[in-house]
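Beneath this line is the structure, given in structure tokens, with notes to follow.
The values are calculated or read from the model by the stated rules, or taken from the named source; none is laboratory data. Values in this document were obtained by computation on a predicted structure and should not be read as measured data. Every residue, glycine as well, gets a Cβ built from its backbone with ideal geometry; the counts of neighbours run over all protein chains shown.
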Amino acid sequence: MKKLFAVLLAMMMLLALTPLSLAEENVLRYGVDADAAGGFDPHTISAVASMRMIGQMYNTLVDVDENLNVIPELAVSWEQPDDTTYIFHLAKGVKFHSGRTMTAQDVKYSFERILDPATGALGNSSSYAGDIDTVEALDDETVKITLKNINAPFLANLSSSYCSIVDRDVVEKNGGSLLLADGGTGPYTLGEWVPDNSITVKAFPDYFDEAGKATFDAIEFYVLTDASARLAALRTGAVDLIVADTAMLDLVENDDSIQTISYQSRNYTGLFLNVNRAPFDNPLVRQAINLALNREEIIDFAFNGKALVSGFVPASLGHWAVDVTENEYYTQNLEKARQLMAEAGYANGFETEIIVGLLDSIRDTGLVVEQQLGEIGIKVNVQDVERGQYLDAWNGHNFDIMVCQNGAGSDPSRAVAFFFKTGSSANIQDYSNARVDELCELAVATTDTAKREEYYKEAINIILNDCIVAIVASPQEYFLASTALQGFAPSASNANNFSGVTLTR
């Protein structure tokens, strides 16, 4: 019945789209798995579902390529006279979607907005822009940023959408918010958003970078949370590209009209344990939970086997990662887990809730964890909540256990400090370890890569052994597309890079 409904939904969608397709053939129709979460403010929104549009609408001073090299974006070049000073030379003729020419004053305003506590910006931490002391507009095309202290990954951190350059006039016109407004310079502008249905972005004809200009007149993102509905929509021609899950791969293996596109992500999925709540304030309980998990079994069910056992610094971050399979808490040991539960005073177990939502892989992970923790006496009530409730629980740190998918970023400063340093905005489990804090500070204060690696690996191992999280996997990410779509090459650095992509129907 569910599959029949999905096919009917896709057919209805196809009928609805046909007039648009006939009128505008150069439109990419993209079936996605979740609606935008809360809006499109690049400084305050972190949800992957919103980032798909934010990435089309906004630019940053610099970007990183798939090999983690820093490359120009709004800044065509830069120099570093000393360890805490950066001078950026801006591209000429950059226009905001409002039509106004961007200047160095807009860069200054953007970072001041990020650093203003009232904004609630995710970039206001040392993992991004938080170490900035001053921003000066030396002239219309030159910006000087001075840091409070050395921050080795600062340039790479500026590639985050959390450090996007925004249009001051648009922000102020909309009461200080960009959630439902467009203050960007990107290749596409915000069009219509129909919640739980679709979001449209339209080509911006005055985009400054000829090589990065929009190749589509518009991209229409259609919200199809049901995987069967997305696949049915692709097969019927209602959409050209979909976010895929691994269960779809076998279904299209012999379909010559569909191409499979993939990349190894720097994301990871796992359990976050609220250390402010009993019994998760007890390290023995947290250790028992980690030891109860059979991560390969979770990967087989939730990711169809298409993921790597991972920590919160995935192997795709190269030399920064540690081999978590060598950590004792990554090998299932039910006997020891039960022993630790008894030592902690929970020989008969306890009852708890796990919050899941947003993605099928998150939900499926919760289902397997429910069974596995039952083996050591923990009765789990899985709460599959709506998007708004999920985000409220995340933002309010209001959970016992929460299954999350996070991105490790392009530098361990995000993977470690952003999620685990005391008081960090993404430290939703309220973890605090003085040595981890010290190591994070030491690591950003030196440009010696070997020393940084030493500091971060010590911090990673402390966090792993404190068992405040039980990370499961870093997934391979998949898309399915019509063979008419050419040139789409997603990477961990830019999963929705449509520059140069074409569509021939």
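Given the criterion in the same structural domain as D116 (by TED's automatic domain parsing) and within 23 Å of A495 (Cβ to Cβ), identify the matching residue among I199, I165, I258. Just one listed residue meets the conditions, I165.
Here's the yes/no breakdown for (1) basic (K, R); (2) in a loop (DSSP other than H, G, I, E, B); (3) on the phi > 0 side of the Ramachandran plot:
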position	(1), (2), (3)
H319	no, no, no
L340	no, no, no
A347	no, yes, no
T352	no, no, no
L358	no, yes, yes
Q371	no, no, no
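Looking only at residues in region 343-374 that are out of contact with any Leu (no Cβ under 8 Å at 6 or more places or on another chain) and acidic (D, E), which one is farthest from V285 (Cα to Cα)? Filtering region 343-374 for residues that are out of contact with any Leu (no Cβ under 8 Å at 6 or more places or on another chain) and acidic (D, E), the one farthest from V285 (Cα to Cα) comes out as D360. Looking across region 443-502, the residues that are in a loop (DSSP other than H, G, I, E, B), under 23 Å from the mean Cα position of the chain (by Cα) and of a type in the set (A, V, I, L, M) come down to I468, A489, A492, A495, V501. Within region 204-218, the set of residues being buried (at least 18 other Cβ atoms within 10 Å of the Cβ) and of a type in the set (A, V, I, L, M, F, W, C) comprises F204, F208, A214, F216, A218. Is there any pair with a first residue in region 431-453 that is outside the structural domain of A417 (by TED's automatic domain parsing) and a second that is of a type in the set (V, I, T) and outside any loop (DSSP other than H, G, I, E, B) whose Cβ atoms are under 8 Å apart and which are 6 or more apart or on different chains, and what are they? Note: no pairs meet the criteria. When N290, N276 are checked against the criterion of being crowded, with 16+ Cβ neighbours inside 10 Å and either touching a residue at least 40 places away in the same chain (Cβ under 8 Å) or among the small types (G, A, S) (or both), a single residue qualifies: N290.
Only one of the numbered conditions (1) more than 30 Å from S482 (Cα to Cα); (2) of a type in the set (D, E, K, R); (3) touching a residue at least 40 places away in the same chain (Cβ under 8 Å) is not met by D82, and that is (3). Among the residues making up region 288-317, those that are more than 23 Å from K421 (Cα to Cα) and assigned to a loop (DSSP other than H, G, I, E, B) are L293, N294, F303, N304, G305, K306. Within region 429-461, how many residues are among the hydrophobic types (A, V, I, L, M, F, W, C) and either in contact with a strand residue (DSSP E or B) (Cβ under 6 Å, 6 or more places away or on another chain) or surrounded by fewer than 16 Cβ atoms within 10 Å (Cβ to Cβ) (or both)? Matching residues across region 429-461 total 2.
Looking only at region 440-464, residues that are at pLDDT 95 or above and within 21 Å of L273 (Cβ to Cβ) come to 6 in all. Do we find that N254 is surrounded by fewer than 24 Cβ atoms within 10 Å (Cβ to Cβ), under 27 Å from the mean Cα position of the chain (by Cα) and assigned to a loop (DSSP other than H, G, I, E, B) in this structure? Answer is no for this residue. A residue that is among the aromatic types (F, W, Y), modelled with pLDDT under 95 and in a strand (DSSP E or B) occurs somewhere in region 268-278.
Look at C467 and say whether it is touching a Pro at 6+ places or on another chain (Cβ under 7 Å) and either surrounded by fewer than 20 Cβ atoms within 10 Å (Cβ to Cβ) or not aliphatic (A, V, I, L, M) (or both). So C467 passes the test. The listed residues are D206, D169, and the only one of them that is of a type in the set (D, E, K, R) and assigned to a helix (DSSP H, G or I) turns out to be D169. Scanning region 172-199 for residues that are more than 15 Å from I45 (Cα to Cα) and either hydroxyl-bearing (S, T, Y) or touching a Leu at 6+ places or on another chain (Cβ under 9 Å) (or both) yields a count of 8.
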